[in-house]
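Q: Below is the structure I would like to discuss, written out as structure tokens.
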Amino acid sequence: FHLFERDCSLQRRHQKVIEEAPAPGISEALRQALGKTAVDAAKAVGYENAGTVEFILDQNSNFYFMEMNTRLQVEHPVTEMITGQDLVFWQLLVASGNPLPLDQDALRFKGHAIEARVYAEDPKRGFLPCSGHITRLIWPSQDSALRVETGIQEGDRVGIFYDPMLAKLVAHGQTRELARIKLRAALDATRILGLTSNVEFLRSALGHKDFVAGQVRTDFIDLH
């Protein structure tokens with residue numbers, strides 16, 4: 001079965017920056033068509049376990065296959081937050097030879113979730129990766145509607161040999177607007193000193209009138 005869709009249009013250098021679920025402006029008919037096509041693709045190749053089928057959507061709601069990632073993606077927490085399911089646990093179940101605990105008819109989603117990727121990078125210099133020691137680090141307080149996923153701590157050095165992503169902030173709300181407001185407040189409470197990060201850029205993107213209206217395309221950053 002499928003776990004509905006995500007929208008990952010806001011990206012730079014073909015790398016996603018902000019992701020959300022469900023996708024804004026998607027009709028129920030299109031949602032079902034996307035899900036069925038993804039399931040059919042997985043069945044056609046005998047695929048087992050979690051995977052992500054990526055499509056690109058045009059202005060007329062036609063969608064086209066791009067690729068399949070044979071894994072969970074960085075943005076899987078937004079799916080977990082709207083469905084209330086633990087996808088990593090489900091992967092372990094399947095890998096152990098156990099059946100999944102639910103079927104398609106039992107799956108529902110509630111509210112909206114938005115994820116922002118916090119990077120050590122300089123948006124003003126073409127999003128060039130940055131390195132350095134983290135001299136001060138403050139994350140917002142987590143609760144049932146806000147996740148902070150990170151592997152760094154104050155005093156760590158961010159080097160040049162790995163991806164510069166520092167954390168993922170994921171907010172859930174009853175509506176898209178409430179999720180957006182909560183995520184922006186979480187970024188307000190974030191402090192990263194010692195190196196350049198994209199925190200202020202993320203705040204600006206979340207506050208842009210086109211993002212607020214759900215009018216996000218893959219050229220959003222280039223345009224604005």
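Q: Give the residues of the range 170-224 that are closer than 16 Å to C8 by Cα, part of a helix (DSSP H, G or I), touching a residue at least 12 places away in the same chain (Cβ under 8 Å) and open to solvent by 50 Å² or more (accessible area, probe 1.4 Å), sorted by residue number.
A: V212
Q: Go through the range 4-51 and give me each residue that's out of contact with any strand residue (DSSP E or B) (no Cβ under 9 Å at 6 or more places or on another chain) and of a type in the set (A, V, I, L, M).
A: Listed by number, the residues that qualify are A29, A44, A50.
Q: Let me ask something else. Sort through R108, R117 and tell me the only one that's within 22 Å of the chain's Cα centre (by Cα), among the basic types (K, R) and either assigned to a loop (DSSP other than H, G, I, E, B) or at pLDDT below 95 (or both).
A: R108
Q: Restricting attention to the range 14-58, which residues are hydroxyl-bearing (S, T, Y) and either closer than 28 Å to N98 by Cβ or surrounded by 12 or more Cβ atoms within 10 Å (Cβ to Cβ) (or both)?
A: T37, Y47, T52
Q: For the range 59-75, name all the residues that are open to solvent by 50 Å² or more (accessible area, probe 1.4 Å) and assigned to a loop (DSSP other than H, G, I, E, B).
A: Q59, N60, S61, N62, T70, R71
Q: Shifting gears a bit: Are any residues in the range 64-80 farther than 22 Å from H172 by Cβ and either modelled with pLDDT under 95 or within 20 Å of the chain's Cα centre (by Cα) (or both), and if so, which ones?
A: Correct list: F65, M66, E67, M68, N69, T70, R71.
Q: Residue by residue through the range 190-207, note down the ones that are more than 13 Å from H224 (Cα to Cα) and small (G, A, S).
A: The answer is G194, S197.
The values are calculated or read from the model by the stated rules, or taken from the named source; none is laboratory data. Quantities reported herein were computed from a predicted structural model and do not represent experimental measurements. Note that each Cβ is placed from the backbone with ideal geometry, even for glycine, and that neighbours are counted across all protein chains shown. Just the protein is used for accessible areas: all its heavy atoms, side chains included, with ligands, DNA and RNA removed. Shrake-Rupley method; radii C 1.70, N 1.55, O 1.52, S 1.80 Å.
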